[in-house]
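Derivation of every value follows stated rules applied to the coordinates shown; laboratory data play no part. Here the structure is a predicted model, which is why all the values come from computation and not from measurement. Every residue, glycine among them, receives a Cβ derived from its backbone with ideal geometry; neighbour counts consider all protein chains shown.
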Amino acid sequence: MKGIVFTTFIEMVEQKFSLKTLDTIITNAHLPSGGSYTTLGTYDHSEMIQLVVKLSEQTGIPVADLVRVFGEYLFVQLVDMYPQFVDSNRTLFGFLLKIDSYIHVEVLKLYPDAELPRFEYDTSDPEALVMIYRSSRPFADLAEGLILGSIQHYGEAVDLKREDISDGPVNAARFTLTKRG
Ligand code: HEM
């Protein structure tokens, strides 16, 4: 997992919790990296899971909730770094449809060792968008947070439903976004 994800997580913990909480979770997590990350480095994604588990123990907030909130926070950071992806898409569905075929493809050019999920789409209903997340890593909660961040960014009235469809080693979830009204 890229360092940018870790540095953003560290920033969120400091901002939403405290420097003391951050220090405590880094100490308790016993991380191979020691908890010092650079934006361009690459680290084992299990370090992220460790950090979130420790943050959950420290705060009493469930892991899934923390990861979802982090996804929303990460979305704002990604848009700040790469505004062209939202600038070039006027609608929420238009933007989300580009993640697999364009945005993450460009990300891979920038960071050839990035580990990215795959998305499949169903656009047969013009009032809804179905996105299927698949990854060898368990970050469907992060995907949910990123989708929620996208919904907030575009300010469209959309309901989000999630179903877990994981199968063996493949983590999978079906997200259905339905236009309201
Ligand atoms: C501005 C748009 C976006 C950019 C620039 C971007 C970029 C990235 C980057 C740099 C990573 C880290 C890769 C690594 O750690 O090796 C990542 C991971 C990920 N992205 Fe995106 N992303 C964007 C939007 C989204 C959205 C809207 C979603 C949700 C549908 C999404 C889903 C994910 C997930 C779930 C991961 C974690 C890896 C995994 O699950 O296997 N991304 N993305």
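Once you have the Kirkwood Rh of segment 3-61 from its Cα pairs, apply Stokes-Einstein at 20 °C and 1.002 mPa s and quote D in µm²/s. Roughly 190 µm²/s, to the nearest whole number. Along the charge dipole of the chain, pointing to its positive end and built from +1/-1 on Cβ of Lys, Arg, Asp and Glu, which listed residue (177, 97, 79) has its Cα farthest out? The residue sitting most towards the positive pole is 79. Over segment 133-179, the reciprocal of the mean inverse Cα-Cα separation, the Kirkwood hydrodynamic radius, stands at 11.2 Å. Distance between the C-alpha centres of segment 159-181 and segment 81-136: 15 Å, rounded to the whole angstrom. By the combined test of axial Cα extent (at least 20 Å) and Kyte-Doolittle hydropathy (mean at least -0.5), the qualifying DSSP H helices of the chain come to 45-59, 63-81, 140-154. Each peptide in 110-123, 11-24 receives the mean, over its residues, of other Cβ atoms within 10 Å, and ordering these scores from highest gives 11-24, 110-123. Computed over segment 4-106, the range of Cα coordinates on each principal axis works out to 43, 27, 20 Å, biggest value leading. Rounded to the nearest 20, the Cβ-based charge dipole of segment 3-61 about its Cα centre (Lys and Arg +1, Asp and Glu -1) stands at 100 debye.
Of all the C-alpha pairs in segment 38-181, what % are more than 27 Å from each other?
Counting every Cα pair in segment 38-181, those more than 27 Å apart make up 20 percent.
Assuming 0.36 nm per residue, please report the length gained on full extension of the stretch residue 38 to residue 76 beyond their Cα-Cα distance.
My answer for the length gained is 11.8 nm.
Taken about its Cα centre, segment 91-179 carries a charge dipole of about 140 debye when Lys and Arg each add +1 at the Cβ and Asp and Glu each add -1 at the Cβ. Only lysine pairs 8 or more places apart or on separate chains count here, and in the chain those with Cα atoms under 25 Å apart total 11.
Order of 170-181, 141-152, 71-82, 45-56 by packing, highest average Cβ count within 10 Å first?
Result, highest mean first: 141-152, 45-56, 71-82, 170-181.
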